[in-house]
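A quick write-up on the structure given underneath.
FYI, it's all coordinate maths here, none of it is from the lab. Here the structure is a predicted model, which is why all the values come from computation and not from measurement. Glycine gets a Cβ as well: all are built from the backbone with ideal geometry, and neighbour counts include every protein chain shown.
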Amino acid sequence: MDNLLNGLWIINAEAKTVYASDRMAEILGTTPAAMKGQPSFGYLFPEDVDAAQRLFDEKRSGQPIAVPFSSSGARMEASSGLMW
């Protein structure tokens, strides 16, 4: 999985990072080790956090959703689509 062109990011029911591929971490300007256990909302632009929290709560109710947000990492031009 670490040879993907796109990043792979797995979060748990508390929205904390369980797994991040090397590419996902690179997109966000960090490392997989630094991401593990960290709240996923910390990697979003502040103005996107409320919407992300609402969508995450909807997902926890059982509905599959795709959530496009831009990362606030070192590569600000990079965009990641989160699938929960």
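Values computed for the structure shown
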{"quantity": "Karplus (6.51, -1.76, 1.60) ³J(HN,Hα), θ = phi - 60°, over region 14-21, in Hz, Gly and Pro reported as x", "calculated": "9, 6, 9, 5, 9, 8, 9, 5"}
{"quantity": "Set of region 19-40 residues, backbone N closer than 18 Å to the point 7 Å along the Cα-Cβ line of GLN53", "calculated": "38-40"}
